[in-house]
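The values are calculated or read from the model by the stated rules, or taken from the named source; none is laboratory data. The structure presented is a predicted model; accordingly, all values stated were derived computationally and were not measured. Cβ placement follows ideal geometry from the backbone for every residue including glycine, while neighbour counts extend to all protein chains displayed. Calculation scope for accessible area: heavy atoms of the full protein, side chains included, ligands and nucleic acids excluded. Shrake-Rupley method; radii C 1.70, N 1.55, O 1.52, S 1.80 Å.
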Amino acid sequence: MTTRHFLTLLDFSPAELRAVIERSVAMKADHYAGRDEQVFRNKVLGMIFEKSSTRTRVSFEAGMAQLGGHAMFLSPRDTQLGRGEPVEDSARVLSRMVDIIMIRTFAHDVVERFAEYSRVPVINALTDDFHPCQVLADIQTYVEQRGEISGKTVAWVGDGNNMCQTWIHAAAQFGFRLHIACPPGFEPNHILLQQYGQHVTLGHDIRAAVRDADLVTTDVWASMGQEDEQRERAQRFRGYQVSPALMDLAKPDALFMHCLPAHRGEEVSEDMLDDPRSVVWDEAENRLHVQKALMVFLLENSKR
Ligand code: CP
Ligand code: NVA
């Protein structure tokens, strides 16, 4: 059996993605009922973080602990990775010691190279290009609140960043339409747009994108690694803000999502996260459940 990885949503078939979400819903119910199964007993997760995190670190670490396993936080500040040991060598060594590895880093090819040399499953916990764990949690949140997402319309407002690009993959894998509105010059990767053009419309008008949408989502104007651009971006993105008034253009039962952390007064108005249409705290919680289900799937399907 070959080792399975989760570097983008395209690594799983649509049926596998749906199965992970179904399992996550079941594992969430078990967790609420105090019936977490100790499926990760004697299993160790290595967590490599080259960027900051609150949700990702806590959800992976808590998830492993709840299911009887252990998670190990590895920062480049105090590992040899930060002193130039090649990714390929680190992958070969770490994957002889732990059972599964998650990586948050900058360039997407780092997770690809790591996976190529790893004996155990590798999970992308955010790169500059994609954040598949988050969108998996977001789809679960939509399904729990509103049912089937296929055939629906999702609006993306703001930067064509890692989250936006992951929503493009999701549109293809789950079969919904994605309306993107971003400032000129901040579009997602043009090759992705070409590949998945049949699922996506791209424009600069946020009102047109949001009109009649079933789900509206956005993200920060400057992502991790773009701190130097924050000031310029704040000017270029002015007007690309989701507010309750903008949400009024969407369907009456539309939901609002944000992967968090959020900047109130920038991409969201001060009151957006507290609006009844906002499900941002459920999205954050679902990171815990869906990543448990994801790790179970990867371990079950990668046995040597
Ligand atoms: N949404 C998300 O991945 O949050 P963190 O950066 O806190 O992990
Ligand atoms: N686009 C954001 C997402 C954070 C979870 C970033 O990459 O910083």
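Residues that are in contact with a His (Cβ under 7 Å, 6 or more places away or on another chain): find the strands (runs of 3 or more DSSP E) completely inside the stretch 130-240 holding 2 or more of those. Lay out the reasoning, then the answer.
On the way: elements: 153-157, 177-181, 200-203, 215-218.
Where strands (runs of 3 or more DSSP E) fall fully within the stretch 130-240 and carry at least 2 residues being in contact with a His (Cβ under 7 Å, 6 or more places away or on another chain), they are 153-157, 177-181, 215-218.
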Please go through the stretch 70-109 and give me each residue that is in contact with a Gly (Cβ under 9 Å, 6 or more places away or on another chain), in a loop (DSSP other than H, G, I, E, B) and either open to solvent by less than 40 Å² (accessible area, probe 1.4 Å) or more than 24 Å from Gln226 (Cβ to Cβ) (or both), ordered by number. Ser75, Pro76, Ser95, Met97, Val98, Asp99
Whether any residue in the stretch 266-289 is within 14 Å of ligand 2 (Cβ to nearest atom), surrounded by fewer than 23 Cβ atoms within 10 Å (Cβ to Cβ) and assigned to a loop (DSSP other than H, G, I, E, B) is what I want to check. yes
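Could you count how many residues in the stretch 33-47 are closer than 22 Å to Gly82 by Cβ and either modelled with pLDDT under 95 or away from ligand 2 (no atom under 16 Å from the Cβ) (or both)?
So in the stretch 33-47, the residues closer than 22 Å to Gly82 by Cβ come out as 44-47.
Now drop any that are not either modelled with pLDDT under 95 or away from ligand 2 (no atom under 16 Å from the Cβ) (or both), which leaves 44-46.
Residues in the stretch 33-47 being closer than 22 Å to Gly82 by Cβ and either modelled with pLDDT under 95 or away from ligand 2 (no atom under 16 Å from the Cβ) (or both): 3 in total.
Can you spot a residue in the stretch 243-257 that is surrounded by 13 or more Cβ atoms within 10 Å (Cβ to Cβ), of a type outside the set (Val, Ile, Thr), within 16 Å of ligand 2 (Cβ to nearest atom) and assigned to a loop (DSSP other than H, G, I, E, B)?
To start, the set of residues in the stretch 243-257 that are surrounded by 13 or more Cβ atoms within 10 Å (Cβ to Cβ) comprises 243-244, 246-247, 249-251, 254-257.
Narrowing further to those that are of a type outside the set (Val, Ile, Thr): 243-244, 246-247, 249-251, 254-257.
From the residues that got through so far, the ones that are within 16 Å of ligand 2 (Cβ to nearest atom) too are 257.
Going one step further and asking which of them are assigned to a loop (DSSP other than H, G, I, E, B), we end up with none.
No, because not a single residue in the stretch 243-257 is surrounded by 13 or more Cβ atoms within 10 Å (Cβ to Cβ), of a type outside the set (Val, Ile, Thr), within 16 Å of ligand 2 (Cβ to nearest atom) and assigned to a loop (DSSP other than H, G, I, E, B).
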Output the qualifying pairs, or none if there are none: Cβ atoms under 9 angstrom, residues six or more apart or on different chains, first residue in the stretch 42-53 and closer than 21 Å to Glu88 by Cβ, second residue among the basic types (Lys, Arg) and open to solvent by 60 Å² or more (accessible area, probe 1.4 Å). Met47/Arg57; Phe49/Arg57
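State all residues of the stretch 56-69 that are within 15 Å of ligand 1 (Cβ to nearest atom) and crowded, with 19+ Cβ neighbours inside 10 Å; if no residue qualifies, say none.
Thr56, Ser59, Phe60, Gly63
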How do the pairs read when you match residues in the stretch 102-128 that are away from ligand 2 (no atom under 13 Å from the Cβ) with residues anywhere that are of a type in the set (S, T, N, Q) and not in a loop (DSSP other than H, G, I, E, B), using Cβ under 8 Å and keeping only pairs 6 or more apart or on different chains? Met102/Thr56; Met102/Asn124; Ile103/Asn124; Val111/Asn124; Phe114/Ser90; Ile123/Gln291
Cβ contacts < 9 Å: first residue among the basic types (Lys, Arg), restricted to the stretch 256-272; second residue open to solvent by 50 Å² or more (accessible area, probe 1.4 Å) and assigned to a loop (DSSP other than H, G, I, E, B), any location; separation 6+ or different chain. Result? Arg264/Glu270; Arg264/Asp271
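Step by step: first the residues of the stretch 48-66, then only those that are in a helix (DSSP H, G or I), among the charged types (D, E, K, R) and within 16 Å of ligand 2 (Cβ to nearest atom), then the one that is farthest from Ala115 (Cα to Cα). Which residue is that? I'd like the intermediate steps shown before the answer.
Here is the first cut: in the stretch 48-66, the residues in a helix (DSSP H, G or I) are 55-66.
Within this subset, residues satisfying the condition of being among the charged types (D, E, K, R) are 55, 57, 61.
Imposing the further condition that a residue be within 16 Å of ligand 2 (Cβ to nearest atom) reduces the set to 55, 57.
Working: Arg55: 23, Arg57: 20 Å.
For the stretch 48-66, the residue satisfying everything is Arg55.
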Taking the stretch 205-233 as the search range and keeping residues that are open to solvent by 20 Å² or more (accessible area, probe 1.4 Å), touching a helix residue (DSSP H, G or I) at 6+ places or on another chain (Cβ under 8 Å) and farther than 25 Å from Arg104 by Cβ, which one is farthest from ligand 1 (Cβ to nearest atom)? Arg207
Within the stretch 178-204, track down each residue that is open to solvent by 20 Å² or more (accessible area, probe 1.4 Å), over 24 Å from Tyr142 (Cβ atoms) and not polar (S, T, N, Q). Pro184, Gly185, Phe186, Glu187, His190, Ile191, His204
Considering only the stretch 149-160, I want to know if a residue exists there that is within 15 Å of ligand 1 (Cβ to nearest atom), open to solvent by 10 Å² or more (accessible area, probe 1.4 Å) and without any contact (Cβ under 8 Å) to a residue 60 or more places away in the chain. no
